[in-house]
Amino acid sequence: MARVSRTDRSALPVMVAPMLASPDGGRLRDSPDFAYEYKYDGYRAVLRVAPDGTMAFTSRNDNDLTREFAALADGLGDALGGRAAVLDGELVVLNEHGQPEFALMQQRRGLFQQGLPMADLPVRFLVFDILLLGDTKLVGESYDRRRELLGLLDLPRPDLIAVAPAFTHTELAADGLTPQDLLARAAAAGFEGLVAKRRGSRYLPGERTLEWRKHPLVQTQEVIVCGWRPGKGRRADTLGAVLLGAHDRATGELLYLGDVGTGFSEQALRDLHARLVSLERPAHPFVVEPPREVTRHVRWVEPVLVGEVVYRQFTRTDRRLRHSSWRGLREDREPGEITAPEPTLGRPAEPTPAVSQRVVVQVGERQFSLSNLDKELYPDGFSKGEVINYYSRVAPVLLPHLAGRPVTFTRYPNGVDGEKFFEKNVPRHAPDWVRTVRLPHSGSRGTGEFIDYVLIEDLETVVWAANLAALELHVPQWTVDGETRRAPDRLVFDLDPGPDASIVECCRVAERLRKILVADGLTPFAKTSGSKGMQLYAGIRAASATSPSAYAKALAERLAAETPDLVVAKMAKNLRTGKVFIDWSQNNPAKTTIAPYSLRGRAQPTVSTPVTWDEVRASRRPEQLAFTADDVLARIADLGDVFADLDETSAVCPLR
């Protein structure tokens, strides 16, 4: 072990540039030579500690983060015993389920930059390597030895600074697990993926090395912001899309990679727009001019800001990012570091080892099996692992809208292009801890037939259902008490656009419905269907099981009579061209509606998304109210649950 001299006890150790992982080409290493760590969703940082306890956080591109993360200053206390140290790790903000969430980190940074309190977004430093301890340099030691020394630190405030878990191949095997099992756990817990690190490897400062291999569940890419396109409709005062670039790996030239217009929270749109306006330049910065159809109305900017996107594919011919979604700015990156990804054909060309065998994961207090995480369920490459990841992260806002409501699944075991089937009865192979309720079959007419419905009321059941490829979750407008149906507590209007109509026309009908509902003492809420239309909800106290249907039918017929050129209240398809069908029948106790925050089985992983009335009023194009799983997670970080007050605002259901 190399030694360094130390005279001034307040002097910080010399900065050590972080060692970087290389992509694993889609093949998770499976060998006793490797240990495995979770891939975290935050800021990579190096923590330097002086002998007197003075601390400094530094990003990988040498930006000082100490003031921003001053809350962590007490995280080491006397654990180092007056010794200096250099620690490598990830700064993260955890959601209420203990999952690192990058959107929350972005939100916290915005508060810091505005000088606002950040107590509601506590940060944590997860340490996964130690590079210096006392006067001993450790970069020349093996990974195993460094982790051993790291494990000997007695950290007094693990809520502030904690050692990130690592799992050797040998330890996994002793528990009957494989690296694929651990990957399944990472998906279920909402992590980004795994990093496989060779156990005998030295720490190579600043190098991207094959000794560390990252295996992401989702593909992310750092990009350079090179321009922006003004928004329209509800984004009229901000930006509509951002044009992206990265450097060619071979030549260093700046390439155009495409644009991104989804995934932005409202706050992110405002903040990014304000920064880009001050960076404008007269011409594009690329080595080759982008296509003319792309550059229309674009405002170019100096290529100095780095961001990150999630994407499904980087095309081989035109070298474009496809199906991308914005994740946020990366203040910890420099534009000169950003290189274009390797072209892919859908998924990475090198196949992952077969994972059709069942693997055991721990979610909360439950153990159960997941399988086929890399199986693509959507044409754009959105995989089963990503479905599980989405549902695990959206669970905090999803679960209140499922609680006590029997769930009907729409399952897509072979993806959305394959055969689907509806499932009301709990599957025969369901774990015994999955809660169910036995209710009479709505069509049994006294024959004694019953259905054992699933009740989804915890994270474990959410993840279990996602593993069934139950992409869509449908629920009734009533809840159960034991095995008894309660009276309906939600009123719903399903607005379905016919041919030559869209969700834009639905919004105009929704605005009219809202006025009537408010006049009748109700508080309406709106959400997209995740397909073509939308639904309106109101919390109610119903006199009977049939009164909501009667009231909804009367309103639908009233609007159809007042505006027959826009609204129809009858289901006949030949009446619906250019019009919006108000389906009042979804209030029938036998009917179900797609749940808020449920995925849909469409060409992309779109979501039935609660929206604000400002968004409804501003809608002029269908794409303004089209949200994918990535978009929804960003919206939740910014807006919370738009449906949160639905039940608290319930009122007596009017009679008609």
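Only the coordinates and a few stated rules stand behind these numbers; no lab work does. A quick note: this is a predicted structure, and the numbers were derived from the prediction, not measured. Quick reminder, even Gly has a Cβ in these numbers, built from the backbone with ideal geometry, and neighbours come from all protein chains shown.
Values computed for the structure shown
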| read-out | value |
| --- | --- |
| Difference of contour (0.36 nm per residue) and Cα-Cα distance, Asp248 to Arg428 | 59.5 nm |
| Estimated FRET transfer efficiency when R0 is 22 angstrom, pair Asp645-Glu457 (beta carbons, to 0.05) | 0.60 |
| With 10 Å bins from 0: P(r) over the stretch 219-337, alpha-carbon pairs, percent | 14, 50, 33, 3, 0 |
| Calculated SAXS-style log₁₀ I(q)/I(0) at q = 0.13, 0.14, 0.15, 0.16 Å⁻¹ - the stretch 2-215, Debye, Cα scatterers | -0.75, -0.87, -1.00, -1.13 |
| Distance between modelled label sites at Thr209 and Arg319, nm, 7 Å Cα→Cβ extension | 2.9 |
| Projected label distance in nm at Leu149 and Thr546, using a 7 Å step from Cα toward the beta-carbon | 7.9 |
| On Cα atoms only, tilt of 384-398 relative to the major axis of the chain in degrees | 70 |
| Protection-proxy order for peptides 645-653, 298-306, each taking the mean of Cβ atoms within 10 Å per residue, highest first | 298-306, 645-653 |
| Spin-label proximity, Arg621 to the stretch 210-235 - amide N less than 16 Å from point 7 Å beyond Cα toward beta carbon | 228-235 |
| Average silhouette area of the stretch 470-520, convex hull of alpha-carbon atoms, in square nanometres | 5.9 |
| Phi-based couplings in Hz for the stretch 424-437 (Karplus 6.51, -1.76, 1.60; Gly and Pro marked x) | 9, 6, 4, x, 4, 8, 5, x, 6, 7, 5, 6, 9, 9 |
| Helix 102-113 axis, angle to the chain major axis (alpha carbon atoms, nearest 10°) | 70 |
| Inter-centroid distance (Cα atoms) of the stretch 449-517 relative to the stretch 118-157, Å | 47 |
| Whole-Hz couplings from phi, Karplus 6.51/-1.76/1.60, listed for the stretch 572-583; x for Gly and Pro | 3, 5, 6, 9, 9, 4, x, 10, 10, 8, 8, 8 |
| Cα-based shape type of the stretch 12-123, given that a ≥ b ≥ c are square roots of the gyration tensor eigenvalues and the cut on a/c is 1.5 | oblate |
| Residue-span extension gain [Asp520 to Glu562] - 0.36 nm each, minus C-alpha spacing | 13.3 nm |
| Relative contact order of the chain, pairs being alpha-carbon contacts under 8 Å that are 6 or more residues apart, as % | 12 |
| Structure-derived Rg/Rh (Cα atoms, Kirkwood Rh) - corresponding label in (i) 1.00; (ii) 0.94; (iii) 1.02 | (i) |
| Estimated vicinal HN-Hα couplings, Hz - the stretch 10-18 in sequence order (Karplus 6.51, -1.76, 1.60; Gly, Pro = x) | 9, 6, 6, x, 5, 5, 10, 5, x |
| Sequence of Glu171, Glu457 once ranked by neighbouring C-beta atoms within 10 Å, starting from the fewest | Glu171, Glu457 |
| Helical mean residue ellipticity (222 nm; -39500 (n - 2.57) per DSSP H run of 4+; nearest 500) of the chain | -6000 deg cm²/dmol |
| Gain in span if fully extended, Ala572 to Asp175, counting 0.36 nm per residue against the direct Cα distance | 137.0 nm |
| Considering only the chain, percent of DSSP beta bridges that pair antiparallel, nearest 5 | 90 |
| Glu302-Ser531 FRET efficiency (beta carbon distance; Förster radius 45 Å; 0.05 resolution) | 0.65 |
| Hydrodynamic radius by Kirkwood, which averages 1/r over all alpha carbon pairs of the stretch 358-495, in angstrom | 16.0 |
| Members of Lys232/Lys573; Lys39/Lys384; Lys214/Lys384 lying beyond 26 Å, as alpha-carbon distances in this model show | Lys232/Lys573 |
| Euclidean distance between Cα centres, the stretch 265-305 to the stretch 620-642, Å | 23 |
| Beta bridges per DSSP with both ends in the stretch 2-215, % antiparallel, nearest 5 | 85 |
| Ranked Lys39, Lys375, Lys573, criterion: other C-beta atoms within 10 Å, fewest first | Lys573, Lys375, Lys39 |
| Sites Ala274 and Arg435, calculated FRET efficiency, Cβ-Cβ separation with R0 60 Å, nearest 0.05 | 0.80 |
| Exposure proxy order (Cβ contacts within 10 Å, fewest to most) of Thr484, Thr220, Thr528 | Thr484, Thr220, Thr528 |
